[in-house]
Amino acid sequence: MFSIKRFFTASALCALAFLFSANAQENYCLYEFNSLRNTLDQNKVQMKTIVSDGLGVNPYLMLKANINNRSYVIWEQLTGEFQGYALRDLVGFDYNTDRNYTGSLSWHSTHIWDKLFDPSTKIEGYSCVIAGRTRIAGQKASLLKLTPQDGKRYIYVIAKDDETSLPIELITLSPYTGNIISKITSLDTKLIKYIDFPIKDELFDNYKTTDKTTDLSNVKQLAELNIPSFFKLVDAGTLENNVYYQSYSDGLSSFRVYKTQASTNFFPFANKGTVIVFRKIFKNAEYAVVGDIPPELAEFVLSKL
């Protein structure tokens, strides 16, 4: 005879089995992701890459080394002038060897690679799943997919070389449309035993951050803003011409909201790869959201206006 009790007991067991299976898959994916980050961090690596986004396709040389427990990175363009940027523990500067120039670090489409794969970066509010296997430049690779639990931030698909445990491709996807926003692909990855890093610590010291941090104890979030979950206030202040700003970060991505008097020179939206600018005028005040976040998320931040 059919038993309702047995049916629900069997259903409960199936649900528990699925839950344990899902947790096991999540834990395995996170293990693979952290293994990848540690392998990249603890080795000397040279990569020839192709970076593609809405601005075009460009080749780069990436050099990564861990020296005296400090992480050093160089990304240099392989077309035109010898220029790029250098990082030490994610802090650095732009340079142009041909023009004998160094200056403040600007935005680069490869920054997400640096931050995502650095073990010091906390990844919060993302689920991790093994999304299959593929071949990248002839190498067998496993696909790891990081999906934001809030459905508002970028999705990241990582190809991990099965032989070296190094990342060989990073695809950034829109969580709203599923479209590819940017792609970084390694065409040639080499582990290097010895390396004389071309930039010395003295130059990095000129651009290091100070130990002084902004006191945020008396700073309140602007009431007119919608701040997504996982993002926290990390900085605030006033710039020239009475421009007030607040900065928010989830540890991986960040954005800054500027508030000033409304201007007549107004454009609502602009983007450069994964970085966007979204502006809005409300009651004679102009707001601008700038950061490496989807445009839909920037619209959400200003949706009260």
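The values are calculated or read from the model by the stated rules, or taken from the named source; none is laboratory data. Remember, it's a predicted structure, so these values are computed and weren't measured experimentally. Using ideal geometry, Cβ is built from the backbone for each residue, glycine included, and neighbour counts are taken over all protein chains shown. SASA here: full protein model, heavy atoms, side chains in, ligands and nucleic acids out. Shrake-Rupley method; radii C 1.70, N 1.55, O 1.52, S 1.80 Å.
Points worth noting:
- Residues located in region 254-276, provided they are touching a helix residue (DSSP H, G or I) at 6+ places or on another chain (Cβ under 8 Å), open to solvent by less than 70 Å² (accessible area, probe 1.4 Å) and under 14 Å from PRO294 (Cα atoms): PHE255, THR274, ILE276
- Residues of region 239-253 satisfying the condition of being more than 28 Å from the chain's Cα centre (by Cα) and either surrounded by 16 or more Cβ atoms within 10 Å (Cβ to Cβ) or at negative phi (or both): GLU240
- Qualifying residue in region 191-207 (condition: of a type in the set (Ser, Thr, Tyr), at pLDDT 90 or above and closer than 22 Å to THR39 by Cβ): no
- Hits in region 163-198 (condition: in a loop (DSSP other than H, G, I, E, B) and either under 24 Å from the mean Cα position of the chain (by Cα) or crowded, with 18+ Cβ neighbours inside 10 Å (or both)): THR164, SER165, LEU166, SER174, PRO175, TYR176, THR177, GLY178, ASN179
- Filter pass, LEU61 being over 25 Å from GLU32 (Cβ atoms) and either in a strand (DSSP E or B) or open to solvent by less than 60 Å² (accessible area, probe 1.4 Å) (or both): yes
- All of ASP118, ASP150 fail the test of being part of a loop (DSSP other than H, G, I, E, B), within 22 Å of ASN179 (Cβ to Cβ) and either in contact (Cβ under 8 Å) with a residue 60 or more places away in the chain or of a type in the set (Lys, Arg) (or both), apart from ASP150.
- Count - residues of region 199-210 that are touching a residue at least 40 places away in the same chain (Cβ under 8 Å) and either of a type outside the set (A, V, I, L, M) or in a loop (DSSP other than H, G, I, E, B) (or both): 7
- Among the residues of region 64-93, those identified as more than 17 Å from LYS115 (Cβ to Cβ) and in a strand (DSSP E or B) are ALA65, ILE67, GLU76, GLN77, GLN83.
- Some residue of region 14-32 being at pLDDT 90 or above, loosely packed, with under 13 Cβ neighbours inside 10 Å and not in a strand (DSSP E or B): yes
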